[in-house]
Every structure is written in C-alpha cells, then in structure tokens.
1. Going by the structure shown, is E78 closer than 16 Å to N51 by Cα and assigned to a helix (DSSP H, G or I)?
2. Can you pull out the residues in region 105-137 that are of a type in the set (G, A, S) and over 11 Å from the mean Cα position of the chain (by Cα)?
3. Looking at region 90-109, can you tell me whether even one residue there is of a type in the set (A, V, I, L, M) and either exposed (fewer than 15 other Cβ atoms within 10 Å of the Cβ) or touching a residue at least 60 places away in the same chain (Cβ under 8 Å) (or both)?
4. For region 86-107, check the following and say yes or no: at least one residue is in a loop (DSSP other than H, G, I, E, B), touching a Leu at 6+ places or on another chain (Cβ under 7 Å) and within 13 Å of the ligand (Cβ to nearest atom).
5. Quick check on region 110-133: of everything there that is more than 10 Å from the ligand (Cβ to nearest atom) and surrounded by fewer than 13 Cβ atoms within 10 Å (Cβ to Cβ), which residue is nearest to C71 (Cα to Cα)?
6. Sort out which residues of region 134-143 are part of a loop (DSSP other than H, G, I, E, B) and closer than 14 Å to G66 by Cβ, and write them in order of number.
7. Condition check: part of a loop (DSSP other than H, G, I, E, B), hydroxyl-bearing (S, T, Y) and out of contact with any strand residue (DSSP E or B) (no Cβ under 8 Å at 6 or more places or on another chain). Does S31 satisfy that?
8. Could you please tell me which pairs satisfy a Cβ distance under 9 Å, a separation of 6+ or placement on different chains, a first residue in region 55-78 that is more than 10 Å from R133 (Cα to Cα), and a second residue that is near the ligand (Cβ under 7 Å from one of its atoms) and among the small types (G, A, S)?
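Coordinate-derived values only; no laboratory data. Values in this document were obtained by computation on a predicted structure and should not be read as measured data. Glycine gets a Cβ as well: all are built from the backbone with ideal geometry, and neighbour counts include every protein chain shown.
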Amino acid sequence: MNRTRVVAALVAMCVLVAGGIAQVEAHGDVSPQPVDTTGLEPLGETWLEKNPYSGNEVAIKIGSSGYNQNCARCHGLEVISGGLAPDLRYLEKGETGDEWFMQRIRHGATINGVTKMPAFEGTLSQEAMWAIRAYIEAKHDDS
Ligand code: HEC
C-alpha cells in the first residue's frame, strides 16, 4: 500500500466509525434519501422478482449514488463493509440474490424490536431499488 492509499483507508475507516456512532445514538432512526432515476425505463406498480436493470450502465451509475446516500453508512463505501452490517459484495448474483435483496431493502431488518436496517419501501421507488441492486451486483466478489 502506498501512502495515499493508507490515508484513504484511514479516512474511510473514520467515516465508517463516525457513521456507526451516529447510528447507535440515533437508535437506527435514519432518514432515507430519494434517488433520481431519470433515464431508466419505468417499471410500474407490480414488484418484480428479478432485476430488470442487471448490467445496465445507466442503472449502475444511478445505483452508485443511491447506494452512497442510503446504504454506505452501514454497508460501507464502495460496498466494502467495515463490519457494521453484512458485506454486500458477497450477496449472491442473479435471481436468488435479487429476491433476498428486495426482501431486505423493502422491509428492512428489525431484531428484538430494534431496527437494524430501515425499510426503504415508500421512500425509494422500485426503479431506485433495482438500480442500487445493479450497482451492488457490479461490485460482486466471488472470493
Ligand atoms: C442503519 C444501518 C443500515 C442501513 C442504512 C442499511 N442497512 Fe442493510 N443491513 C443492515 C444490517 C444490520 C443488516 C443485517 C440484518 C440481519 O442481521 O439480518 C442488513 C442487511 C442487509 C441485506 C441482507 C444481507 C445478507 O447478507 O443477508 C441487504 C441485501 C441489505 N441490508 C441491503 C441494504 C441496502 C441496499 C441499503 C440501502 C438502500 C441498506 N441495506 C441500508 C444495516 C443497514
């Protein structure tokens, strides 16, 4: 690792730690940010089971910003988890991963009455959710 990368890694760690502390203080109460999905084919009201934007470059770009605004504080910048929440690079590719992804992003995760992850249904459109999924899938790691 050269010096710049070490500094970048330290900065990323501080952001994650700060995010974690803010998270604990806020008792999981975070406000989701809307995502502008202009440029993506509209999907209508019915929830799809499979990502219609998988591999779509426009979706991946929109998803990257949607992810950074809504998910990175827990799941890590660039989808590299700092340990606060599962590392989404290892989420299965394709339809199996799509289903679990939608389950979580729509409904969130509440464990023993504590909101570990907020529900995004009602805040993020289906288009935004699948764009974020396309971004996460593009970051998939097989190792
Ligand atoms: C407040 C922190 C927080 C935020 C914000 C958050 N998550 Fe999570 N997420 C978690 C935690 C904690 C878990 C693990 C829940 C559990 O133990 O079942 C999780 C689980 C998941 C899972 C299941 C992973 C697995 O391996 O089972 C997916 C998919 C997911 N989150 C996607 C997202 C996406 C996409 C966003 C942004 C739209 C997001 N999360 C925002 C904390 C968060």
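1. no
2. G108, A109, G113, A119, G122, S125
3. For region 90-109, residues of a type in the set (A, V, I, L, M) and either exposed (fewer than 15 other Cβ atoms within 10 Å of the Cβ) or touching a residue at least 60 places away in the same chain (Cβ under 8 Å) (or both): absent.
4. No, region 86-107 has no match at all.
5. G122
6. Result: K139, single match.
7. yes
8. C71/A85; C74/A85; H75/A85; G76/A85
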